[in-house]
1. Looking at the range 210-246, which of the residues that are touching a strand residue (DSSP E or B) at 6+ places or on another chain (Cβ under 7 Å) and among the small types (Gly, Ala, Ser) is nearest to the ligand (Cβ to nearest atom)?
2. Given the conditions (1) surrounded by 24 or more Cβ atoms within 10 Å (Cβ to Cβ); (2) within 15 Å of the ligand (Cβ to nearest atom); (3) in contact (Cβ under 8 Å) with a residue 40 or more places away in the chain, which single one is not true for residue 176?
3. Please verify whether residue 123 is within 18 Å of residue 177 (Cβ to Cβ), buried (at least 19 other Cβ atoms within 10 Å of the Cβ) and more than 14 Å from the ligand (Cβ to nearest atom), treating the condition exactly as stated.
4. Would you please list the contacts, defined by Cβ atoms under 9 Å and residues six or more apart or on different chains, that run from a residue in the range 204-223 that is free of Cβ contacts under 8 Å to residues at least 40 places away in the same chain to a residue that is aromatic (Phe, Trp, Tyr) and outside any loop (DSSP other than H, G, I, E, B)?
5. Surrounded by 13 or more Cβ atoms within 10 Å (Cβ to Cβ), part of a loop (DSSP other than H, G, I, E, B) and over 28 Å from the mean Cα position of the chain (by Cα): which single residue out of 38, 50 fits that description?
6. Output yes when any residue across the range 314-324 is touching a Gly at 6+ places or on another chain (Cβ under 9 Å) and among the hydroxyl-bearing types (Ser, Thr, Tyr), and no when none is.
7. Restricting attention to the range 14-28, and to residues there that are touching a residue at least 24 places away in the same chain (Cβ under 8 Å) and under 30 Å from residue 97 (Cα atoms), which single residue is surrounded by the fewest Cβ atoms within 10 Å (Cβ to Cβ)?
Amino acid sequence: MFNLDKIIRPNIKALKPYSSARDDFFGTADIFLDANENSYGSVGIKEKANRYPDPHQRILKEKIAKIKNVKFPQIFLGNGSDEAIDIVIRAFCEPAEDEIMLLPPTYGMYQVAADVNNVKTRKIKLKENFQIDVENVLNSITTKTKLIFICSPNNPTANCFRKEDIIKICRNFDGIVVLDEAYIDFAPDRTLLQKLNDYPNLVILQTFSKAWGLAGIRLGMAFAQKEIINIFDKIKYPYNISELTQKAALSALKNEKQKNIFVKKLLVQKKSLMKIVSGLPCVVKVYPSDSNFILIKTTCAGKLYNYFVKNNIITRNRSNVAMCENCLRITVGTEKENKRLVEVWKKFKK
Ligand SMILES: Cc1ncc(COP(=O)(O)O)c(C=O)c1O
């Protein structure tokens, strides 16, 4: 049985979080002389940023709660979802003692964050069809396994995992399942966000970096039961989301339609790109994609990658990733960019 009290690190459980000036007083007043800011203003920028931002991002979270149909206390905001990846490890994994399970090939930051925190990883490879080897995952859980990272749609394979498999893992694991849905806007019916209340051990990550087109503002979301979110809030830096980021995200959320237009356009582009690419030189296989990128098996990924670079086109060579030998990962670009990619590719000589 999942028991949060049992899996939280004792030092984190006992942690008394920093109390900032904006924790002690939140509201409106005529004069703020409590946080040692510069009352005259900000240097060099038009936006007003001389005040510390709301450490709890209240207005932004209220808006996100509505759009995502979750409760306000179920939301954590981080400096990209990468911050949430790090925090979940720091909350639950005792360095040099506990373990995290990864399902490679998958997003590289899980391993890096584990390494930074001196936490071992146990890797259970995906099956040949890039789906989860559920039996192997469940059989490989030990008393040390505190987290299982599942990325769906998965980077770099681009596909979603079967919902039933993810749910089976949630049901049969006493630790935390971190479900990274960074690319979920491209496959919205595959989200498990609306099942959040059914699984007390589920943490879902989403981001503003992909479909929302806001990678530069650094804003990621984690959704979970409020008891888990409270732990993340205790650990985070007090003002982890800048004033400018909070404002930009609020403005974006008022334009959800634009995000949906971008998603539609990218999906149309992806469909035609996948069709064309399958007939281009050196292509062995174009894998199915539920995201805004495609994974392509080739006969010579390294050469092709360098050829693209020479032509001022940057793709990602994933050849050194297990199960992705000779694979390029290509982000779907604009119509113009994709056309150029195809033109250049057609002229490639091995
Ligand atoms: C699966 C996955 N999760 C998380 C991230 C990082 O997202 P963020 O920009 O919110 O830190 C990426 C970025 O490429 C990703 O591919």
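The values are calculated or read from the model by the stated rules, or taken from the named source; none is laboratory data. Values in this document were obtained by computation on a predicted structure and should not be read as measured data. Every residue, glycine among them, receives a Cβ derived from its backbone with ideal geometry; neighbour counts consider all protein chains shown.
1. For the range 210-246, the residue satisfying everything is 220.
2. (2) is the only condition that residue 176 fails.
3. Working: within 18 Å of residue 177 (Cβ to Cβ): yes; buried (at least 19 other Cβ atoms within 10 Å of the Cβ): no; more than 14 Å from the ligand (Cβ to nearest atom): yes.
Criteria not met by residue 123.
4. That search, which allows pairs on different chains as well, returns 204/223.
5. Working: 38 fails: surrounded by 13 or more Cβ atoms within 10 Å (Cβ to Cβ).
Result: 50 is the single residue among 38, 50 that is surrounded by 13 or more Cβ atoms within 10 Å (Cβ to Cβ), part of a loop (DSSP other than H, G, I, E, B) and over 28 Å from the mean Cα position of the chain (by Cα).
6. Looking only at the range 314-324, we keep the residues that are touching a Gly at 6+ places or on another chain (Cβ under 9 Å), and these are 317, 319, 321.
Narrowing further to those that are among the hydroxyl-bearing types (Ser, Thr, Tyr): 319.
Yes, the conditions are met somewhere in the range 314-324.
7. Within the range 14-28, the subset touching a residue at least 24 places away in the same chain (Cβ under 8 Å) is 15, 17-18, 20-23, 26.
In the following step, the residues that additionally are under 30 Å from residue 97 (Cα atoms) were identified as 15, 17-18.
Numbers: 15: 14, 17: 13, 18: 11.
Residue satisfying both the conditions and the ranking: 18.
This table checks each residue for (1) buried (at least 16 other Cβ atoms within 10 Å of the Cβ); (2) closer than 25 Å to residue 331 by Cβ.
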{"site": "127", "(1), (2)": "no, no"}
{"site": "132", "(1), (2)": "yes, yes"}
{"site": "145", "(1), (2)": "yes, no"}
{"site": "160", "(1), (2)": "yes, yes"}
